[in-house]
């Protein structure tokens, strides 16, 4: 298979990274004024926007008296992929992605704090270049933090794959996804080292699972420190208007 | 119709039971429900039951245009239908969250893992290929639809044969099965799904959850795995978090289970092929005769009693055959009620004319105790712990009487002191005896 080409003899990947390196993550909180919280996140060439509305009152028939309803909508812009997409949302894959995001966020949000309420999370993929799910989760986390919703801790997601049959790769790009083997996406709560969600497809021997899972979890740890830094910077920036920046020092 | 909500106490009951390593239907935590596979008379139709969950699968094919990106590959569509027949809260024709999830998991297990050799379905490149459709109808929802549906889909695909064709120039002729033998589908490997539900903050995982367990669980894991221990699909999600240790443990257990299931599927296929070659009647009508497809003959006794062990040892058997009143269950069942459930003395299994009801013998650890209690109860004719005191008292009295009888002759010839004491003693005991005996 094309697996052989994913990692050169020098240990470099197609885009010049090493096996255990993430793509560059750039993010910005509070990009919109209308939603309660919003974030923009770039992970390599994957670009995602997330907006959070709520918590607000849930509609009568959906309302749950013990916890909050997390409502997600995942959509990919028609120009996000190489081939122009006909349906930005509503196909099976996006529906599945919506369900997965919902599950992940519900595991991270302190749902019992907002009974009879609803939180809406809208995610738009502007450019898809592998790891869409992961970028979406990371962006949603930032947006939720921006909206001031109580989370148990950061929820971060990262992918991992296998190159040359035995070298685990961290944070795979689209090219590696299609030319390589199976891809494992893991959303975890890195501080407590728990897994909130996990998904993988394609054939993959069970013996490799611990190694690849470990790599994905490490990726989550690294992403968390990046997100944490971004949140702190954002707070210092916002707070500087009311002199928080100096207090923090 | 909306799904009936699960009450808090029901949920708490299940959770508490799991905490004590018990399940409502008497299974162990890692135990699966029995899996039964039947094939229909047509190629590619299979009926699979997992406990009470049942799924009917039918594969169909047609000639059609391939995708532009893969001009020489056939197409495979998998479609799961959750109708109100399975459970009242399923709506027909509507894509619920569950339907999407099951569909996608099966698609990933069968399509993305390239289990079906799609290239062999090509008739002429860029023009005509076979399009396979696997339609899965859930007939009854008793939990763990995914496992059952995946087995049904795999059975149906492995059983299916598409008609042979001849291409002459532009013309394509499809042969009937009388003209040319239909061609089976090539499967590279046999993947099946194995699900677990987690409890206790993601520390305990139970295999093959039922509806109530699914609804009270915190998260569920689905492994799509084949007999070579290759993971084809993995899905984990829910409201709570799981540690990676549990996941890895479950994955290796799932691999073992997958191997068993695949062996069972292959055995079922072989039996079916044998029956066909021997010109015996095949199809679902056979299942009717076998008493396995009609719902009324199914496991009525959903609760298996783990705590009782009916393995009879020799003493107990002798005793029970001598004494008339004691072995109530056996005596009743023997001849007076031919329909009733009764114990088989040799195997310790509970037999009945309903083929599927039986008592599973207990593992040795907790059985010893129970057996002991059971025997004791029968020996003393319903004596329980309260009666023990009385027994002891009687024994004491008897002892003292014996002592008195012994000591009296001694006291006649002996010294004063011991006699006095003996007299005191004997008077006491005399009083007691009269009290008790009188």
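The values are calculated or read from the model by the stated rules, or taken from the named source; none is laboratory data. Every value quoted in this text rests on a predicted model; they were computed, and no experiment measured them. A quick note on method: Cβ atoms are made from the backbone with ideal geometry, for glycine too, and the neighbour counts reach across all protein chains shown.
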Residue in segment B:253-272 that is at pLDDT 90 or above, in the same structural domain as residue B:58 (by TED's automatic domain parsing), surrounded by fewer than 16 Cβ atoms within 10 Å (Cβ to Cβ) and touching a helix residue (DSSP H, G or I) at 6+ places or on another chain (Cβ under 9 Å) present: yes
Boolean, residue A:108 is surrounded by 20 or more Cβ atoms within 10 Å (Cβ to Cβ), within 10 Å of chain B (Cβ to nearest Cβ), in contact (Cβ under 8 Å) with a residue 12 or more places away in the chain and in contact with a strand residue (DSSP E or B) (Cβ under 7 Å, 6 or more places away or on another chain): yes
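Here's the yes/no breakdown for (1) free of Cβ contacts under 8 Å to residues at least 40 places away in the same chain; (2) more than 10 Å from chain B (Cβ to nearest Cβ):
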position	(1), (2)
A:78	yes, yes
A:82	yes, yes
A:85	yes, yes
A:93	yes, no
A:112	no, yes
A:120	no, yes
A:129	no, yes
Counted residues, segment B:16-30 - those being more than 14 Å from residue B:205 (Cβ to Cβ) and either exposed (fewer than 10 other Cβ atoms within 10 Å of the Cβ) or in contact with a strand residue (DSSP E or B) (Cβ under 7 Å, 6 or more places away or on another chain) (or both): 1
All positions within segment B:174-201 that are without any contact (Cβ under 8 Å) to a residue 60 or more places away in the chain and surrounded by fewer than 21 Cβ atoms within 10 Å (Cβ to Cβ): B:175, B:176, B:177, B:178, B:179, B:180, B:181, B:183, B:184, B:201
Filter result (over 19 Å from residue B:152 (Cα atoms) and away from chain A (no Cβ under 11 Å)) within segment B:212-248: B:212, B:213, B:214, B:215, B:216, B:217
Residue satisfying condition, being under 23 Å from residue A:161 (Cα atoms), away from chain B (no Cβ under 14 Å) and surrounded by fewer than 22 Cβ atoms within 10 Å (Cβ to Cβ), within set A:56, A:20: A:20
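Results for (1) within 14 Å of another protein chain (Cβ to nearest Cβ); (2) part of a helix (DSSP H, G or I); (3) in contact with a helix residue (DSSP H, G or I) (Cβ under 6 Å, 6 or more places away or on another chain); (4) surrounded by fewer than 20 Cβ atoms within 10 Å (Cβ to Cβ), shown as yes or no for each residue.
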site	(1), (2), (3), (4)
A:153	yes, no, no, yes
A:160	yes, no, yes, no
A:178	yes, yes, no, yes
A:186	yes, no, yes, no
A:196	yes, no, yes, no
A:237	no, yes, no, yes
Single residue of B:73, B:91, B:119 found to be more than 14 Å from chain A (Cβ to nearest Cβ), surrounded by fewer than 17 Cβ atoms within 10 Å (Cβ to Cβ) and under 27 Å from residue A:205 (Cα atoms): B:119
Counted residues, segment B:77-88 - those being within 14 Å of chain A (Cβ to nearest Cβ) and surrounded by fewer than 22 Cβ atoms within 10 Å (Cβ to Cβ): 2
Qualifying residue in segment A:203-210 (condition: within 11 Å of chain B (Cβ to nearest Cβ), surrounded by 15 or more Cβ atoms within 10 Å (Cβ to Cβ), in contact with a helix residue (DSSP H, G or I) (Cβ under 7 Å, 6 or more places away or on another chain) and part of a strand (DSSP E or B)): no
Complete set of residues in segment A:59-88 that are surrounded by 14 or more Cβ atoms within 10 Å (Cβ to Cβ), touching a helix residue (DSSP H, G or I) at 6+ places or on another chain (Cβ under 8 Å) and closer than 28 Å to residue A:114 by Cβ: A:67, A:68, A:70, A:71, A:72, A:73, A:74, A:75
